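Input: a single structure, listed below in structure tokens.
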Amino acid sequence: MWPTLRYVGGVCGLARYCEAGGFLRASGPASGVPGLLCGGGRRSSSTSSFDIVIVGGGIVGLASARTLILKHPGLSISVVEKEKDLALHQTGHNSGVIHSGIYYKPESLKAKLCVEGAALIYEYCNLKGIPYRQCGKLIVAVEQEEIPRLQALYERGLQNGVQGLRLIQQEDIKKKEPYCRGLMAIDCPYTGIVNYQQVALSFAQDFQEAGGSILKDFEVKGIEIAKENSSRSKDGMNYPIAVKNSKGKEIRCRYVVTCAGLYSDRISELSGCNPDPQIVPFRGDYLVLKPEKGYLVKGNIYPVPDSRFPFLGVHFTPRLDGTIWLGPNAVLAFKREGYKPFDFDARDVMEVILKRGPAGVRAQALDRDGNLVEDFVFDGGTGEIGDRVLHVRNAPSPAATSSLAISRMIAEEAQQRFKL
């Protein structure tokens, strides 16, 4: 059963194509992008000491590593990733939309970083020859009662500095999307699509070419101040933090930056930080338009968001491979990296059931009272180790779009906090 289908007509009047058998269930976002081999490093492979260790090999971690090493080329920096390849989770499991920044509260970090980040992503892709499509987006009102919300959203976009926005009527909607029907729409030409996994791997390549080191298959299980007698090397206590993995190995460093995505709360707790906000995992499923129906959709088509629900609604999104996705829904995942309906992890389930109850409707951080944390959250903790750690606690969509802008902010915060 796919309850999302009932929303299709509300998006843009295309429900009849679902009824005509126009959709297949998505089997998952296979990007076909190979992983990078571990390499680089300003120190020899025999050493295990770095100035900065970044936990997490997704797009935010890799962007931050790249920005830090370009800004501080004299530092030794390493990225540690628990998987055998990079960018496999949230970076590799998303719709690939380059968001414009229209939705977010003016003056929020989401709004500022998304608008700045979109411009940086386009610039970076042009520089590196990474393919993308600036296919635009229509946000379509299909009911009279939606028009005031649409107009308010348009004003918000203008406040946020989103480029090229305009309100259009029925005739112009047909010109942009011949098979879409609506009363009024926001034309957002700056929205695009890209393969974020490919972008992330390019960040990793830049980082390694600048002398950075990437350690894969390194699942962090401990971040602590090392005991003085635990190191007999000449480095001594110049590298006071021990980052330990699940296989009993450790590396030493002066500072740690964590960008652990779905595990950001647990990694933060390892260094003695507050467990809140907690991550509660929700899985989003997509349908895929059959190839012979691909002509029905040209760009992104979104509904007017409903303030009663903390998500943007079911929408059509074209992909670089020519497919058209419809979705997502939002269902509680029984595993933090549970991309299949029956993936299960007892700890993940028990944390949700015992601590938060049924609150939440998407992959999102929740505060102590079960409320959604809507903006980015950065934390450092307290005490001796807290002065040497910077955590990215909540980086939801549009974090991929915002990744380069986020990385600049992290680099600035690290420079001030760590006195680099």
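A few notes on this one:
- Per-residue SASA entry for Glu143, accessible area with 1.4 Å probe, Å² rounded to 10: 100
- Taking all protein chains together and a 1.4 Å probe, the residues Met237, Met184, Met409 rank Met237, Met409, Met184 from largest to smallest accessible area.
- Across Lys221/Lys419; Lys137/Lys174; Lys105/Lys175; Lys110/Lys174; Lys82/Lys249; Lys216/Lys244, pairs whose alpha-carbon gap is larger than 20 Å: Lys221/Lys419; Lys105/Lys175; Lys110/Lys174
- Cβ-based net charge around Lys128, under 13 Å, with every Lys or Arg adding one and every Asp or Glu removing one: -2
- Most positive-pole-ward Cα, Val115, Val55, Ser95, against dipole of the stretch 42-130 from beta carbon charges: Val55
- Size of charge dipole - the stretch 154-206 - debye, nearest 20, with Cβ of Lys, Arg +1 and Asp, Glu -1, no other charges: 180
The values are calculated or read from the model by the stated rules, or taken from the named source; none is laboratory data. Given the structure is predicted, the values throughout are model-derived calculations rather than measurements. Cβ sites come from the backbone with ideal geometry, for glycine too, and all protein chains shown count toward neighbours. Note: areas computed on protein heavy atoms with side chains; ligands, DNA, RNA excluded. Shrake-Rupley method; radii C 1.70, N 1.55, O 1.52, S 1.80 Å.
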